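Engineer: Can you read through this structure? Questions will come right after.
The values are calculated or read from the model by the stated rules, or taken from the named source; none is laboratory data. Since the structure is predicted, the reported quantities are computational estimates derived from the model, not experimental observations. A quick note on method: Cβ atoms are made from the backbone with ideal geometry, for glycine too, and the neighbour counts reach across all protein chains shown. Please note that ligands, DNA and RNA were not included when accessible areas were found on the heavy atoms of the full protein model with its side chains. Shrake-Rupley method; radii C 1.70, N 1.55, O 1.52, S 1.80 Å.
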Amino acid sequence: MEQVSSNKRAVARVVFRTVGLCAVLLFLLWNPLVLRPRVWSATVVVRSLSIDAALLLIGVGLIRLRRWAALLASVLAVYVAIDFASTGGGLGVALTLSLLTSLPLTVVFWRDLVWGDKRSDLLLAFGSVTVSALFHYAAFVIHHA
């Protein structure tokens with residue numbers, strides 16, 4: 001029985017760290033330096049900034065096996081899935097189902113995650129917002145230069 005629990009923990013670590021790495025890579029590919037918005041309005045910038053900061057925060061949080069990162073990933077997946085379902089047509093259903101796979105993973109591996117340290121996690125949140133804001137500022141300056 002101990003062997004099964006040990007294997008489950010190892011699988012949980014690999015799964016969440018892989019999902020975290022994918023979230024960080026998605027942040028690097030989904031920022032306004034790579035995907036330049038056509039219109040720079042306040043709503044576009046705020047939405048993009050919040051999604052970028054959330055992706056970075058989720059990625060690093062999942063690599064560090066944090067429960068709050070798994071919850072935030074599930075919330076972001078539901079938000080994006082609802083957005084794709086309402087605007088994506090037939091492709092939206094497939095994307096919705098693929099994005100909602102983080103929900104069962106969070107439920108199954110909940111005991112293998114930890115809440116974390118309040119100070120370092122708060123610093124991580126501040127850092128992710130700062131890095132995302134710097135990416136947006138650089139994209140804005142490059143776009144209008």
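Engineer: Which numbered condition trips up Asn7, out of (1) in a helix (DSSP H, G or I); (2) more than 15 Å from Ala77 (Cα to Cα); (3) in contact with a helix residue (DSSP H, G or I) (Cβ under 9 Å, 6 or more places away or on another chain)?
Structural biologist: Unmet condition: (3).
Engineer: Out of the residues in the range 45-65 meeting the condition of being open to solvent by 80 Å² or more (accessible area, probe 1.4 Å) and modelled with pLDDT of 85 or more, tell me which one is farthest from Ser102 (Cα to Cα).
Structural biologist: Val46
Engineer: For the range 33-47, enumerate the residues that are within 14 Å of Ala138 (Cα to Cα) and part of a helix (DSSP H, G or I).
Structural biologist: Within the range 33-47, just Val45 meets the criteria.
Engineer: Still on this structure, I have one more. Taking the stated definitions as given, is Ala133 among the small types (Gly, Ala, Ser), open to solvent by 40 Å² or more (accessible area, probe 1.4 Å) and either within 18 Å of Asn31 (Cβ to Cβ) or at pLDDT 90 or above (or both)?
Structural biologist: Yes; evaluated as a whole, the condition is true for this residue.
Engineer: Next question, about the same structure. Scan the range 19-44 for residues that are open to solvent by less than 40 Å² (accessible area, probe 1.4 Å) and under 20 Å from Ala70 (Cβ atoms) and report the count.
Structural biologist: 4
Engineer: A further question on this structure: Anything in the range 101-130 that is open to solvent by 50 Å² or more (accessible area, probe 1.4 Å), in a loop (DSSP other than H, G, I, E, B) and under 15 Å from Ala73 (Cα atoms)? List them, or say none.
Structural biologist: Within the range 101-130, Thr101, Trp115 meet the criteria.
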